[in-house]
């Protein structure tokens, strides 16, 4: 069975849409704790403008204060050349660039057409050169909430254009939880056939309850890298009340139960997940932090032993 | 692709542990609505004593008042001969009997050892004869919260004993959400090899977020019958705050998106699911009722069309 690698996105993808600013100290403490849990990668923060994403306005300070653990890569979201300069200055291991495969979603989210996004990101890739790894996250690969299903060929076309630019990896994002397992299996196969030399990461949302089923389908199709968010933090503006990102600890718990090596210290990760509701001030969607692992057994209720003896 | 059949358990498995009694009129109206949604089977109620399960004390009245739709089977839970007599009197199409494959869980839940449960259920099966179909739900097949994993051979042993009694079907229950997809695939294969002539139904819980991943694994292994609960109602006393039964409409939505015929009118089912929180007085775990189907698209935000034109 292949080793499965996790990239933890809670402090970027989760915290960026929290209603309350998570204090810098708490961010640093959480990232330092996550660094001890065995992640392959942690998406620490975003070098966007403080006006665009005020919740991550402390990007430099967070990157400067976290304790880097050897073997863990620290990646940051970067929207443009200005962000890339800040990210390189902060010694990020990887810059994660983002654009949508849906024209309408790119216009709605990044306020420009895809071609303009691509040109800007190509400039970033050229600027970075060999100073850091570059990953590109392609949004809405399994469907756009405004356009509907995005054809697989359209995803492959953008993947190809970025592969030509020399990126190390691609993240195939189900931005609003529209993927289903059969579609995931087809996408995984097509990408592995064409881009076997790239780091291929899949990013799922649980908006319609299919998150871990999609992860299973991707693992079955040979994908070994996944994004996850502690507690399942990180919502979806199109679906009030619905879940966002797949929950890291639930995904890891499932894979470990199936026998996969994820490199993660699950009890330590669950301890961190159980502190999350207090940190953000509300309940979070993750299930295993509430229910315990399948191997965490309960004592029999009172009277069962007497009952057992009485029938012996 | 095989047709997939759903058994809706919300009015039995869901309502039995609701803190507030769901009025008989509301139960009848909901079942009559579910009967129009295309279910293969509906588990209407339970013929247990009103003292044991007060929330289902109106079993006779509900069975007497619902409008039976041809093609839908109406099944009821029956714990013993007394319950079976009441169920037959109420003209149930199927009697669903239950015991645990875990000795400790059977003692805790049914207050007797498994052998005594089996003997009692064998009496029920003999009593029913050809007057109705009999299904046996085997609890804790994928793990007991007190004993841990239940060996697959133990599940097969109990399945075999009931098959010998001439039951029509077996439901393999993950009572507290401990199953993982690899275990489900193995169990499905073993059961299909040995009991291909029986109706095999799988019953999953989403307690640890694995519900739909397990359903996917079961479908991949050739299982075509599933229990589901509207809204995901029906909790687990061992995991406060965690989800219970898999959510019917989320499961059906996933399978339909993958191209499976479930026979279900999903828009109608979602309309029923959206009325559920008001009926029970609290939020329910189901996701698709909140987020909408993947094919329910959203208008582009204000300004996107102007933006698109400005770059044209």
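The values are calculated or read from the model by the stated rules, or taken from the named source; none is laboratory data. Remember, it's a predicted structure, so these values are computed and weren't measured experimentally. Virtual Cβ from ideal backbone geometry, glycine too; neighbours counted across all protein chains shown.
Evaluate the following for residue A:221: is it surrounded by 24 or more Cβ atoms within 10 Å (Cβ to Cβ), without any contact (Cβ under 8 Å) to a residue 60 or more places away in the chain and more than 8 Å from every other protein chain (Cβ to nearest Cβ)?
no
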* Close pairs (9 angstrom Cβ cut-off, 6 or more residues apart or separate chains): surrounded by 24 or more Cβ atoms within 10 Å (Cβ to Cβ) in segment A:1-14, modelled with pLDDT under 95 and part of a strand (DSSP E or B) anywhere -> none
* Tell me, yes or no, whether segment A:191-202 has at least one residue that is under 25 Å from residue B:247 (Cβ atoms), in contact (Cβ under 8 Å) with a residue 24 or more places away in the chain and within 11 Å of another protein chain (Cβ to nearest Cβ). => no
* Could you please let me know if residue A:108 is out of contact with any strand residue (DSSP E or B) (no Cβ under 7 Å at 6 or more places or on another chain) and in contact (Cβ under 8 Å) with a residue 24 or more places away in the chain? => yes
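Test of understanding: among B:230, B:279, B:255, which residue is touching a residue at least 60 places away in the same chain (Cβ under 8 Å), farther than 29 Å from residue B:189 by Cβ and crowded, with 23+ Cβ neighbours inside 10 Å?
Values: B:279 fails: crowded, with 23+ Cβ neighbours inside 10 Å; B:255 fails: farther than 29 Å from residue B:189 by Cβ.
That would be B:230, the only listed residue that is touching a residue at least 60 places away in the same chain (Cβ under 8 Å), farther than 29 Å from residue B:189 by Cβ and crowded, with 23+ Cβ neighbours inside 10 Å.
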* Among (1) touching a residue at least 60 places away in the same chain (Cβ under 8 Å); (2) surrounded by fewer than 22 Cβ atoms within 10 Å (Cβ to Cβ), where does residue B:76 come up short? -> (2)
* If you take the residues of segment B:267-295 that are assigned to a loop (DSSP other than H, G, I, E, B) and more than 9 Å from chain A (Cβ to nearest Cβ), which of them is nearest to residue A:145 (Cα to Cα)? -> B:284
* To do: Looking only at segment A:16-32, decide whether some residue is within 30 Å of residue A:221 (Cα to Cα) and within 20 Å of the chain's Cα centre (by Cα).
  => no
* Selection status of residue A:208, within 21 Å of residue B:206 (Cβ to Cβ) and within 18 Å of the chain's Cα centre (by Cα) -> yes
* Which residue, of B:263, B:232, is within 11 Å of chain A (Cβ to nearest Cβ) and either in contact with a strand residue (DSSP E or B) (Cβ under 6 Å, 6 or more places away or on another chain) or farther than 14 Å from residue B:177 by Cα (or both)? -> B:232
* **Residue count for segment A:22-59, restricted to those that are within 14 Å of residue A:73 (Cα to Cα) and touching a strand residue (DSSP E or B) at 6+ places or on another chain (Cβ under 7 Å)** => 10
* **Of all residues in segment A:116-165 being touching a strand residue (DSSP E or B) at 6+ places or on another chain (Cβ under 9 Å) and within 14 Å of chain B (Cβ to nearest Cβ), the one that is surrounded by the fewest Cβ atoms within 10 Å (Cβ to Cβ)** => A:120
